[in-house]
1. By how many nm would the segment from Cys450 to Ile239 lengthen if fully extended, with 0.36 nm per residue of separation less the alpha-carbon distance?
2. Return the sequence-ordered ³J(HN,Hα) values of region 393-398 in whole Hz as given by the Karplus equation 6.51 cos²θ - 1.76 cosθ + 1.60 applied to θ = phi - 60°, using x for Gly and Pro.
3. Which whole-Hz couplings ³J(HN,Hα) result when phi for each residue of region 400-405 is put into the Karplus expression 6.51 cos²θ - 1.76 cosθ + 1.60, θ = phi - 60°, listed in order with x for Gly and Pro?
4. Let me check I've understood the local charge: for Phe65, count other residues with C-beta under 14 angstrom from its C-beta, Lys and Arg +1, Asp and Glu -1. What total comes out?
5. Quick one: 3J(HN,Hα) in Hz for region 179-194, Karplus 6.51/-1.76/1.60 with θ = phi - 60°, rounded, Gly and Pro as x.
6. Please list the three semi-axes, largest first and in whole Å, of the ellipsoid equivalent to region 102-199, using sqrt of 5 times the eigenvalues of its alpha carbon gyration tensor.
7. What ranking, highest mean first, results for peptides 413-425, 41-53 when packing means the other Cβ atoms within 10 Å averaged over each residue?
8. Distance from a point 7 Å along Cα→Cβ of Ser231 to each backbone N in region 27-66: keep the residues under 17 Å and list them by number.
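Read-outs throughout are calculated quantities, based only on the coordinates presented, and are distinct from any laboratory measurement. Values in this document were obtained by computation on a predicted structure and should not be read as measured data. FYI the Cβ positions are ideal-geometry reconstructions off the backbone, even for glycines, and counts take in every protein chain you see.
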Amino acid sequence: MERSEDNARTPLLGNSGSGANGDTPGTAVYTRRWYMLSVFCGVCLGQALIWNTWGPITQSAKVVFKWEDSTIAMLANWGNIAYIIACFPVCYLTTVKGTFKYAGLRRSLLGCCLLMFLGTGIRCITSHPDYTLWTMNAGAVLNGVAGTVPFAGPPLLAALWFPPDQRATATATSSVFNYGGVAVAFIFGPQLVSSPHYRYETDNRTELSLTLTTEATINRTVLTNFDTLESEIMRLMYIECGYAGLLLLLVLIYFPDKPALPPSTTASMERIEYKKALLKMSKNGNLWLIALAYAVPAGVYGVYGSVFDVILNPVGVAQSEAGWIGFYSTIAGCASGLVIARFADMFMKHMKVFLIGLFILATGSFVWLTLLCNQTIPFSIVQLYASSIMGGMFLNGCIPLFYELACEASYPVSEGLAGGFMTWLNNLFGILFLLALLIPGIGTAWMNFCLVGSVGLGLLVLFVFPEKYTRTDIDITVTADGTMDVQTSVHQVTTTYT
């Protein structure tokens, strides 16, 4: 039996549907947690979709706005840079005083939705090439700041609303929607914005196929109607702005900071004060290990998808085809993340084993992808699909487990701050990856090798990471003995980390 709204002020005792905290006085599980999760997931999807607007329609945007590859890369990179700057201030707003009582999730998410709406609105002002570079970049910056809560917030939302045996699943659900938004953009953009058509000619005016020539040896004439592409891109801008406005309205109508009673014992315990928490995190070696194991490969792969069309263009893969590959790869990662997180909830305290196995499989998949793109082995579109989908499935499936392990390693630091630290590092490595595209003549072949190296490095770090479950151990201990003095356990944990 779950909590009803009618008796919201009465502690739930012996709730068989509440999971691990069912026998703990003063805790409760509310049915509306699924609505909260749904709204949060919608925000995650929208922010990621807006961030990945340009990667799937690179060729069309270059024709209409006269952009270069470096411009497309920087539009994605501005979002990461803005996130780096805004992450910790927003984390402070979501965890004021570091306690369940003072959680500030509502106002932070509301601010992020407002920034998303303003950022998408700015992009709708004009399509004139002389001004779009400013409006589109401004929108990218605002959307990057708006990404702070969707990216850092999944473990905080899970801790505030879900019992221990559902936390990993809740974290996975909201975090995979971040990547689900990237996947939707791979299909949504190319379906609304058609690819430009070209005529490729050599000096003797002989028409050749894209797969047999390069821009260095041919002249390229755009055959597509320019006005058609321009109107299609602006229609995409209007639709994304409308979706951002809907999200803002939903959060305004109903999105409370927290339930009346916490879902677990640790959810109600006082967290370390913000400045002290930052200091402790900086000295926490275990947290740095799990953060680096996550941030290096996830940061590289996250922005790798935003320039996937650029990477595959030299081997003759069309914009629409690249979009479908990116879509299926990301969707596979979302599905595997949910399944793996559910298994992690069922088999608590075995997350490291899951991560190592998935990283080994991801490394093999990306090696295969690299050999195909460099044509070290004969190129095949079927193999390209297979290697990309498997790589996305294995790597993105790890993300929710990393969030949960970071929260365990950093407890009693707030889950929101731990998630913010993880995603801050993620975006930092993404920025470095995209900045490399600004180097003249660097090309694209290095990107695949960088991706393989990042996953391999993460695997090595995982092997030396010491697995601990401080937060879960407290919830399990209290559950086994409902009469245990909670204040004693708080003192023990605080003493351990002081």
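1. Computed gain between Cys450 and Ile239 is 72.5 nm.
2. Result, ordered by residue: 5, 6, 7, 5, x, 7 Hz.
3. x, 5, 4, 4, 5, 5
4. Every neighbour counted, the sum reads -3.
5. 7, x, x, 4, 5, 4, 4, 5, 9, 4, x, x, 6, 8, 10, 6
6. The answer is 33, 19, 8 Å, longest axis first.
7. Top to bottom by mean Cβ count within 10 Å: 413-425, 41-53.
8. Label zone hits: 64.
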